[in-house]
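Here the structure is laid out as structure tokens; the discussion comes afterwards.
The values are calculated or read from the model by the stated rules, or taken from the named source; none is laboratory data. Computed from a predicted model, the values in this text were never measured in an experiment. Don't worry about glycine lacking a Cβ; one is built from the backbone with ideal geometry, like all the others, and counts go over all protein chains shown.
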Amino acid sequence: MSASAEADSELPSTCDIAIVGAGPIGLMLANLLGAAGVNVVLVERNDGLVGLPRAIAYDAETLRLFAQVGLFDAIADGLVQDPEVVYLNARGVKLMEMTPPRSAYGHSQLGTFYQPRLEQVLLAGLARFDPVRALFNHRVTSISQDQVGVEILVETPAGARSLRAKFLVGCDGGNSGTRDWIGSRLVGSTYAERWLVIDARIDNHGVDNITFFCDPRRPAVRLPAVGSRVRWEFMQLPGEKPDELAGDRSVMRLLEPFVDFSAVEIERRVVYTFHARVADRWRRGRVLLAGDAAHLMPPFAGQGMNSGMKDVANIAWKLAAAVAGQAGNDILDTYEIERAHHVRDMVNLSRRLGAVIMPTNRAIAGARDAVFAVLNLSRGFRSFVRRGGLLPPPHIARSALTAARRDAVVGQMLPQPVVTLAGQGRPLDYWFGCHEWLALGVGVDPRAELSPRDGAILDGLGARFLAINSAAVATPTLDLQCQDRSFLAWAKSHRVRGILVRPDRFIAQRLDRRSDLSSLDAFAAVADNERRLAESHLNRRSDRTAAVV
């Protein structure tokens with residue numbers, strides 16, 4: 001049965017994970033959990049996908065996540081990859097420009113997409129997983145929980161029904177009911193701006209870059225999307241009414257400097273309010289928040305949807321481990337610890353970028369122009385901005401699932417070079433699965449860099465063992481060759497010999513044969529299970545030998 005056909009299915013009485021909200025974040029989480037074999041019910045109050053192009057920007061982490069769940073090829077032809085980003089002042093003078101190179105993570109560092117297509121791919125992807133159901137026209141009316149599960153009351157086309165889940169994740173957007181039910185609230189800045197967003201179709205539009213028009217008279221943004229689609233965003237000025245700003249006469253006047261309005265097919269026009277808020281708690285017991293339910297941010301850093309994707313990449317493998325009994329529920333405590341600091345950094349960066357590039361005060365804009373004129377005299381500054389240095393690299397905060405000691409490599413996302421085996425080159429992620437741990441050696445066999453306990457844990461978790469440019473390895477380690485200068489320079493600068501990489505592709509700890517890794521303590525029971533299985537196997541062999549004798 002296809003995922004879309006599941007909309008007419010009956011709500012089951014139980015599941016492992018319930019997800020509220022079938023936007024891109026909820027759909028991606030369902031795919032991630034489906035890939036782990038988890039029993040999932042996703043409920044959405046609308047009759048189907050919303051079908052509106054709200055989010056428009058991706059980053060390399062989001063594309064890497066699509067590749068992990070096997071859906072990158074399905075979205076690739078709908079991406080505008082690596083467009084130049086230009087910031088112009090009121091006189092058309094270039095303040096900054098970004099032409100970022102391909103990221104270290106194996107994908108385009110930034111670009112645009114068409115959200116309805118993205119959501120369709122994610123929804124269709126659920127059909128691959130028998131234990132996953134997506135149910136539309138199902139509205140959650142109440143949530144309660146106890147020590148062993150979550151009770152969800154759902155209004156379905158057939159009437160009120162109850163669903164019992166081990167955990168629930170609210171991916172239900174900025175107006176999240178789940179957030180209210182766990183007693184969480186959005187806190188932080190009172191920042192709020194309104195912008196008119198216009199999505200249009202124009203044949204042969206010729207727009208090939210993202211342009212920020214930093215004009216204090218009316219800041220604006222123009223972005224290309226795939227095919228004939230273009231987006232404009234215009235700031236609402238004081239005294240303007242949203243309905244009037246989005247009216248035909250206003251839209252025609254705003255677009256007149258850019259395009260012949262008669263050649264434009266307007267697909268959507270809406271006035272959005274941009275917020276900068278973060279929930280004061282992301283979890284209560286067995287109920288968690290992700291995406292806009294947990295945080296809202298202005299669009300100037302392009303991290304709204306992408307931050308939600310990072311949320312579910314962080315939480316999916318932990319939920320899968322908890323459901324499988326590989327670890328206790330306390331590993332979920334690490335979710336907010338690891339993610340919240342990064343989210344707040346991105347919210348603050350978005351605010352700062354907006355304040356710098358989009359002031360409406362002419363004196364402030366003039367001072368900004370003067371500052372950038374001086375900064376642009378520096379080749380180092382221009383190079384820093386051009387390569388995308390304004391956006392910090394992917395990282396997580398230290399937690400119980402990382403090394404406790406300060407180490408520059410811990411908490412980084414693992415770079416993804418092309419590596420070869422028997423002359424066949426593939427991205428590094430090809431060699432370990434969506435939910436697999438990785439013990440990676442550079443110049444060594446990682447198996448030899450582990451304590452017996454940690455080796456047993458990783459065996460129990462089904463981890464992969466990969467060695468890059470190692471002279472000799474033993475089964476089950478694969479020996480891969482890498483000539484990527486950037487990766488080898490990264491490994492050399494951080495003195496990488498052996499590292500433990502989590503399923504979300506973040507580095508947990510350096511391998512150390514002399515002591516057990518603290519980042520694996522939560523999974524110690526897996527080693528005990530491995531030992532009991534081994535002892536049971538030996539006992540059966542002994543019994544069979546005795547019987548023969």
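Filtering segment 382-426 to residues that are touching a residue at least 12 places away in the same chain (Cβ under 8 Å) and small (Gly, Ala, Ser) leaves GLY388, ALA397, SER399, ALA400, ALA403, ALA404, ALA408, GLY411. Residues in segment 244-295 that are surrounded by 16 or more Cβ atoms within 10 Å (Cβ to Cβ), of a type in the set (D, E, K, R) and closer than 24 Å to ASP203 by Cβ: ARG269 alone. Checked against (1) out of contact with any helix residue (DSSP H, G or I) (no Cβ under 7 Å at 6 or more places or on another chain); (2) aromatic (Phe, Trp, Tyr); (3) in a helix (DSSP H, G or I), PHE300 passes all but condition (1).
Of all residues in segment 455-485, those being of a type in the set (A, V, I, L, M), closer than 24 Å to GLN326 by Cβ and surrounded by fewer than 19 Cβ atoms within 10 Å (Cβ to Cβ) number 1.
Filtering segment 435-454 to residues that are buried (at least 20 other Cβ atoms within 10 Å of the Cβ) and either within 19 Å of the chain's Cα centre (by Cα) or over 19 Å from TRP490 (Cβ atoms) (or both) leaves HIS435, TRP437, ASP445, ARG447, LEU450, ASP454.
For segment 486-518, taking the residues that are among the aromatic types (Phe, Trp, Tyr) and part of a helix (DSSP H, G or I), the one that is surrounded by the most Cβ atoms within 10 Å (Cβ to Cβ) is identified as PHE487.
Between THR178, THR211, the distinction of being among the hydroxyl-bearing types (Ser, Thr, Tyr), more than 26 Å from VAL50 (Cα to Cα), in contact (Cβ under 8 Å) with a residue 40 or more places away in the chain and touching a strand residue (DSSP E or B) at 6+ places or on another chain (Cβ under 7 Å) belongs to THR211 only.
Within segment 221-243, the residues that satisfy the criterion of being under 13 Å from ARG194 (Cα atoms) and either exposed (fewer than 13 other Cβ atoms within 10 Å of the Cβ) or touching a residue at least 24 places away in the same chain (Cβ under 8 Å) (or both) are GLU233, PHE234, MET235, GLN236, LEU237, PRO238, GLY239, LYS241, PRO242, ASP243.
Could you tell me whether segment 197-204 includes any residue that is in a strand (DSSP E or B), touching a residue at least 60 places away in the same chain (Cβ under 8 Å), of a type in the set (Lys, Arg) and on the phi < 0 side of the Ramachandran plot? Yes - at least one qualifying residue is present in segment 197-204. Summed over segment 6-26, residues that are polar (S, T, N, Q) and modelled with pLDDT of 95 or more total 1.
Restricting attention to segment 218-240, the residues that are part of a loop (DSSP other than H, G, I, E, B), over 14 Å from ASN204 (Cα atoms) and touching a helix residue (DSSP H, G or I) at 6+ places or on another chain (Cβ under 9 Å) total 5.
Please work out which residue is farthest from ASP484 (Cα to Cα), limiting yourself to segment 396-434 and to residues that are among the aliphatic types (A, V, I, L, M) and surrounded by fewer than 19 Cβ atoms within 10 Å (Cβ to Cβ). Looking at residues that are among the aliphatic types (A, V, I, L, M) and surrounded by fewer than 19 Cβ atoms within 10 Å (Cβ to Cβ), I get ALA400.
Among strands (runs of 3 or more DSSP E) entirely within segment 432-485, having at least 2 residues that are within 22 Å of VAL69 (Cα to Cα) singles out 438-442, 464-468. Restricting attention to segment 127-169, the residues being in a strand (DSSP E or B) and either free of Cβ contacts under 8 Å to residues at least 60 places away in the same chain or not assigned by TED's automatic domain parsing to the domain that holds MET309 (or both) number 8.
Take residues that are buried (at least 19 other Cβ atoms within 10 Å of the Cβ) and over 17 Å from the mean Cα position of the chain (by Cα) and tell me which of the strands (runs of 3 or more DSSP E) falling wholly in segment 4-115 contain 2 or more. Give the derivation first.
Working: elements: 14-20, 40-44, 57-59, 84-89, 94-98, 110-112.
Those strands (runs of 3 or more DSSP E) span 14-20, 40-44, 84-89, 94-98.
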